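Asker: I have a structure I would like to understand better, so I am pasting it below and will then ask my questions one at a time.
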Amino acid sequence: MFQIKNKDNLGRTGILKTKHGIVKTPALMPVIHPGKQSINVKDLGAEIVITNAYIIYKNQDLREKASENGVHDLINFDGPVMTDSGSFQLSEYGDIDINNQEVIEFQELIGTDIGTSLDIPTPPYVTRTKAERELKITLERAKESLEYRKEILLNSVVQGSTFPDLRSHCADELGKMDFDLHPIGAVVPLMESYRYKDLVDVVIASVSHLPESRPRHLMGAGHPMIFALAVAMGCDLFDSAAYILYAEDDRLLSTRGTYKLENLQEMPCSCQICSQYTPQDLRQMKKEERKKLIAQHNLNVSFAEIRLIKQAIVEGSLMELVEQRCRAHPRLLEAYRQLGNYLDVMERYDPISKKSAFFYTGPESLKRVEVYRHLEKLNQIPKKSRLLLLPSFRKPYHKYIPENLGGFYKIGSSNKKGNEDLQVMVVDVPFGLIPLELDEVYPLAQNESPNIIDEDARQFVRDLIEEVVEDYEEVLISSQINETFDLGLLDYVEPDSLKIKMDDQTKIMAVADYQFGEGAGAALFEGNIKVERSRKTGKIRHIYYDNDLIATMRASDSYFVLSKEGARRLHSRTEYPRNRVVVNADSEPYAQEGKSIFAKFVIECDKNIRANEEVLIVNEKDELLAFGKSLLNYEEIMDFNVGQAIKTRKGGM
Ligand code: GUN
Ligand code: ZN
């Protein structure tokens, strides 16, 4: 019932199928108060709404109407409806008169699309004993709710207070059971007190242990300021009571924060309300009328933000949006910095290539997946005995290396001379050290950073150089680098007769190793290789062995797209399961025909596969069937049972 369409970091766009239609995610579900609703949220862009089954149950009139005509009729919304269970009322008032079985059966009776069991919202910062005790009940009720469920999709809420290990444990346990969606609960107090850093810990601890194939709902998150960050952490659904609660208090939502009507001289956005009225107009209105208009503005900005986020995921610019949004409040910036401590989790989900360039928007950008991943890959490159570090001029670096390289500082020494056993790297922000052979590969060429370098970036580069120097017998560092990054080097040597040259063979082998792992370059391009360049751009285009095409270097990111011959070479010269996706016998003929591979047909795959990676498609005997582009990472491919996993390029091997 859920499929991923596009990915960026832990964020995803997707579609969620329900009996009352399809929802595009990330989605915001306006909270509808049964019996009180005065705003038509569908007209403002709502694809799905949430209401409260307990409130309906408690009111005899509403209960009768809902029992007879269903919840959709009751709230006058013909799209998908989610219902909450009364747990929140339980946490607010300490007691409610409905039990778990009754609330599930009632949600079945009123025909909700997505129902919720009666979890215990354990607040933040309680004792561990209390958190554990309540979590046990939440898990028991979750399990029990599956027995009462007949038709509806079922939510199961992750609890565990502010103990990350309890959140992860809860997510693990719920993940084993047959639920459809997972709200992350009891986070409202964290958001109300601006404890966004702790929210990051709670959400990552939960999301990183939930099944990839189920949508996650950040319960009670309705302020658009937080949406981008939450989506980047893997949340797919939000619910907003904020739009109406804030309107009640004459407060206007914005991605920059909240505005009080009394302080406004100008309306804060360009929605139809803000274009049509002035703050003065609103202040002079009757309370009810004003509330309705402010609520409409609040929903307008919230939906606009959701649309912007979806577009950013498609483009691969979600993190640039997050970096902008997190500058709205120091507590949000702190949260974004905290997210930088989860690079190992994020790296697994972030696609290896994106449509957008990487923009450095401040020191936090140094803690982005792209930088972390590059440095990990850099560590795996076989070491030569000598290293030459050049300053950056223009990209692609190899095109703009000056004739005269100027003077150098020297660390260590080697008896090798000239270009012998020499690795050339360019020093630049934010990727630190870029081997010259890789200077056109995503994102090492597709990035922008300010030419005035901040102190954090300088320190980052200094640390990196200090570390890399250990790996070489001799390191030559351009005097310009010494100046720009305040390296404080002393051992100056006059310019050598160095001629930087880069032959095609070295370059294509380095790119293949960077893309497919060590040894791939040799597997693909050993022997009598012919390189053909684009007549228009002069860039490497096609690589042949005799007259057989092996691979094409894609202009946009300089990664290789294999040909049949290339796929055969990579397959025959690398070991199972490397770069491989294994499909079952049923889907073998489809793969052979070049049809795309659905996730449910994949029985095993290389754990290192990331989204947007070129992969080999094999059967259980490791016979090559086809090759294509992975749309998901390893965990997602294995967890999903619907939707495409691999876009096949060619079959019939
Ligand atoms: N609404 C806001 N937080 C929660 C929660 O933790 N559980 C449920 N069921 N609803 C909520
Ligand atoms: Zn507006």
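None of the figures in this text is laboratory data; all of them are computed from the coordinates on show. Model, not experiment: these values are computed from the prediction. We place every Cβ from the backbone using ideal geometry, glycine too, and count neighbours over all the protein chains shown.
Asker: Need the failing condition index for residue 42 against (1) out of contact with any helix residue (DSSP H, G or I) (no Cβ under 8 Å at 6 or more places or on another chain); (2) within 16 Å of ligand 1 (Cβ to nearest atom), just the number.
Answerer: (2)
Asker: Another question, if that's okay. Going through 50, 39, 75 one at a time, which residue ends up being closer than 25 Å to residue 301 by Cβ, among the aliphatic types (A, V, I, L, M) and out of contact with any Ser or Thr (no Cβ under 9 Å at 6 or more places or on another chain)?
Answerer: Answer to the check: 39.
Asker: Looking only at the range 119-143, filter to residues that are part of a helix (DSSP H, G or I), over 30 Å from the mean Cα position of the chain (by Cα) and of a type in the set (Val, Ile, Thr); which one of those is farthest from ligand 2 (Cβ to nearest atom)?
Answerer: Result: 129.
Asker: Find the residue count for the range 52-78, including only residues that are within 12 Å of ligand 1 (Cβ to nearest atom) and in contact with a strand residue (DSSP E or B) (Cβ under 6 Å, 6 or more places away or on another chain).
Answerer: Selection size over the range 52-78: 2.
Asker: All but one of (1) surrounded by fewer than 19 Cβ atoms within 10 Å (Cβ to Cβ); (2) over 24 Å from residue 509 (Cα atoms) hold for residue 382; state the number of the condition that does not hold.
Answerer: (2)
Asker: Against the condition more than 15 Å from residue 219 (Cβ to Cβ), touching a residue at least 60 places away in the same chain (Cβ under 8 Å) and crowded, with 16+ Cβ neighbours inside 10 Å, how does residue 119 come out, does it pass?
Answerer: When the stated conditions are applied, residue 119 does not pass them.
Asker: Just to be sure before I move on: is residue 323 more than 22 Å from residue 28 (Cα to Cα), of a type in the set (D, E, K, R) and crowded, with 17+ Cβ neighbours inside 10 Å in the structure I sent?
Answerer: Numbers: more than 22 Å from residue 28 (Cα to Cα): no; of a type in the set (D, E, K, R): yes; crowded, with 17+ Cβ neighbours inside 10 Å: yes.
Here the answer is no, as residue 323 does not meet what is asked.
Asker: Going through 175, 160 one at a time, which residue ends up being touching a His at 6+ places or on another chain (Cβ under 8 Å) and surrounded by fewer than 24 Cβ atoms within 10 Å (Cβ to Cβ)?
Answerer: Every option except 175 fails the conditions.
Asker: Scan the range 267-278 residue by residue and report those that are within 11 Å of ligand 2 (Cβ to nearest atom) and either touching a residue at least 12 places away in the same chain (Cβ under 8 Å) or assigned to a loop (DSSP other than H, G, I, E, B) (or both).
Answerer: Scanning the range 267-278 gives 267, 268, 269, 270, 271, 272, 273, 274, 277.
Asker: Output yes when any residue across the range 85-95 is more than 16 Å from ligand 1 (Cβ to nearest atom), buried (at least 19 other Cβ atoms within 10 Å of the Cβ) and either at positive phi or part of a helix (DSSP H, G or I) (or both), and no when none is.
Answerer: Checked against the condition, which is being more than 16 Å from ligand 1 (Cβ to nearest atom), buried (at least 19 other Cβ atoms within 10 Å of the Cβ) and either at positive phi or part of a helix (DSSP H, G or I) (or both), the range 85-95 yields no hits at all.
Asker: May I pose another question? Sort out for me the strands (runs of 3 or more DSSP E) sitting completely within the range 9-65 that have 1 or more residues that are of a type in the set (Val, Ile, Thr).
Answerer: Result: 11-18, 21-25, 49-52.
Asker: Restricting to strands (runs of 3 or more DSSP E) lying wholly in the range 561-653: which have 3 or more residues that are touching a Cys at 6+ places or on another chain (Cβ under 8 Å)?
Answerer: Answer list for the range 561-653: 580-583.
Asker: Out of curiosity, is residue 432 of a type outside the set (Asp, Glu) and either closer than 16 Å to residue 510 by Cβ or surrounded by fewer than 22 Cβ atoms within 10 Å (Cβ to Cβ) (or both)?
Answerer: Judged against the criteria, residue 432 is not a match.
Asker: Additional query: Check every one of the strands (runs of 3 or more DSSP E) wholly within the range 405-484 and list those with 1 or more residues that are on the phi > 0 side of the Ramachandran plot.
Answerer: Numbers: elements: 408-412, 422-428, 432-435, 474-478.
Counting at least 1 such residues, we get 408-412, 432-435.
Asker: Also, I was wondering about something else. Go through the range 101-135 and report how many residues are touching a Phe, Trp or Tyr at 6+ places or on another chain (Cβ under 8 Å), within 14 Å of ligand 1 (Cβ to nearest atom) and not aliphatic (A, V, I, L, M).
Answerer: Of the residues in that region, 1 qualify.
Asker: Sticking with this one: For the range 185-226, what are the residues that are of a type in the set (A, V, I, L, M, F, W, C) and more than 16 Å from ligand 1 (Cβ to nearest atom)?
Answerer: The initial filter retains those residues of the range 185-226 that are of a type in the set (A, V, I, L, M, F, W, C), namely 186-188, 190-191, 199-200, 202-205, 207, 210, 218-219, 221, 225-226.
Hits for the range 185-226 are 200, 204, 225.
Asker: Residues of the range 356-407 being closer than 30 Å to residue 229 by Cα and aliphatic (A, V, I, L, M), which ones?
Answerer: Matches in the range 356-407: 357, 366, 369, 371, 375, 378.
Asker: Next question, about the same structure. For the range 136-166, which positions are out of contact with any Phe, Trp or Tyr (no Cβ under 6 Å at 6 or more places or on another chain) and within 12 Å of ligand 1 (Cβ to nearest atom)?
Answerer: 138, 141, 142, 145, 155, 157, 158, 159, 160, 161
Asker: In the range 230-288, which residues are buried (at least 20 other Cβ atoms within 10 Å of the Cβ), within 16 Å of ligand 1 (Cβ to nearest atom) and hydrophobic (A, V, I, L, M, F, W, C)?
Answerer: Matches in the range 230-288: 230, 235, 237, 238, 242, 244.
Asker: Let me spell it out: the conditions are (1) in contact (Cβ under 8 Å) with a residue 40 or more places away in the chain; (2) away from ligand 2 (no atom under 16 Å from the Cβ); (3) in a helix (DSSP H, G or I); (4) out of contact with any Lys or Arg (no Cβ under 6 Å at 6 or more places or on another chain), and residue 353 meets all of them except one. Which number is the exception?
Answerer: So residue 353 meets the others, but not (3).
Asker: Given the criteria more than 15 Å from ligand 1 (Cβ to nearest atom), surrounded by 14 or more Cβ atoms within 10 Å (Cβ to Cβ), touching a residue at least 60 places away in the same chain (Cβ under 8 Å) and under 23 Å from residue 174 (Cβ atoms), does residue 81 qualify?
Answerer: yes
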